[in-house]
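Each value in this text was obtained by applying a stated rule to the coordinates, not by laboratory testing. On a predicted model such as this, the values are computed, not experimentally measured, just so you know. Cβ atoms come from the backbone with ideal geometry, glycine included; neighbour counts cover every protein chain shown.
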Amino acid sequence: DQQVKQNSPSLSVQEGRISILNCDYTNSMFDYFLWYKKYPAEGPTFLISISSIKDKNEDGRFTVFLNKSAKHLSLHIVPSQPGDSAVYFCAASYSGNTPLVFGKGTRLSVIA
Amino acid sequence: NAGVMQNPRHLVRRRGQEARLRCSPVKGHSHVYWYRQLPEEGLKFMVYLQKENIIDESGMPKERFSAEFPKEGPSILRIQQVVRGDSAAYFCASSPLRAASHEQFFGPGTRLTVL
């Protein structure tokens, strides 16, 4: 019974184009949503987050959009670079210091 | 300015042995979380600790698994009498008392292989 779902296991994008990674959730009590990037044999690295009271957060090439009514969020990377090739995890948390609930991840390949 | 440290990075155990995984959080962080990742899966929460206290262990199996975060020293995740199904990557994360963005900082993980 997955509360955070990433339905695309993989995504291929050409260098310079936009990468869009999607995430759906089922629990409307989630307070914060986060995106992590993970390279093989390393731990996840925080990318960007968004509060449930906002609908957009931008940080350089990375923008996260939140649609609460649809319980959907997406991560946009533009322009995509070969170094962006990694597994991207969507995660959600409740208010306060609480454990993160992760999706299964999407493997992004940026082709030069 | 060290991040989260985990050791060992790789651990091989035979069935029935004990595995002991260590995690040193970011300096000044008082919250530690342990997650497990099975192949082709996302990270699954196991246990959340503050110094000398277990706050939430709802994701940790009731038998064979235990965790601690003593007043001094690293957090320890202990798995007794390991079985093949325990083979996974175990990640530790830490956060400060109040993390504005709810960000948790992850260590590089310990890859446990049970023969």
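Quantify how strongly other chains surround peptide A:89-98 by giving the mean number of their Cβ atoms within 10 Å of each of its Cβ atoms.
Per residue, the average neighbour count from other chains is 4.
Which parts of segment B:18-50 would a label at B:Arg78 reach, counting a residue when its backbone N lies under 20 Å from a point 7 Å out along Cα-to-Cβ?
B:18-25, B:32-36, B:46-50
Which three semi-axes in whole Å describe the equivalent ellipsoid of chain A, each the square root of 5 times a Cα gyration tensor eigenvalue, listed largest first?
23, 15, 13
Taking the Cα atoms of segment A:12-72 alone, what are Rg (to one decimal) and Dmax (as a whole number) in Å?
Calculated on Cα positions, Rg and Dmax stand at 13.0, 37 Å.
Working from the alpha-carbon coordinates of the protein assembly as shown, get Rg over Rh, Rh being the Kirkwood radius. Don't skip to the end; give the middle numbers.
On the way: Rg = 17.6 Å, Rh = 18.1 Å.
Expressed as Rg/Rh, it is 0.97.
Eight or more residues apart or on different chains, and alpha-carbon atoms under 18 Å: count the Lys pairs in segment A:1-109 matching that.
Qualifying lysine pairs in segment A:1-109: 12.
Once you put a point 7 Å from the Cα of A:Glu58 and another 7 Å from the Cα of A:Ser74, both along the Cβ direction, what distance in nm separates them?
1.6 nm
Of B:Ile55, B:Ile79, B:Leu38, which is farthest on the positive side of the dipole of segment B:31-115, counting Cα position, with +1 on Lys and Arg Cβ, -1 on Asp and Glu Cβ, and the Cα centre as origin?
In segment B:31-115, that residue is B:Ile79.
Beyond 23 Å, how much of the Cα-Cα pair distribution for chain B remains, as a whole percent?
23 percent
Kirkwood hydrodynamic radius for segment A:46-112: how many Å is it when counted over pairs of different Cα atoms? Mind showing how you got there, number by number?
Numbers: mean 1/r = 0.0758 Å⁻¹.
About 13.2 Å, per the Kirkwood formula over Cα pairs.
Please give the average number of partner chain Cβ atoms lying within 10 Å of the Cβ of each residue in B:27-40, rounded to a whole number.
Averaged over the peptide's residues, the number is 2.
If a paramagnetic tag sat 7 Å from the Cα of B:Ala2 along the Cα-Cβ line, which residues of segment B:16-41 would have the backbone N under 18 Å from that point?
Residues B:21-33 qualify, since their backbone N sits under 18 Å from the label point.
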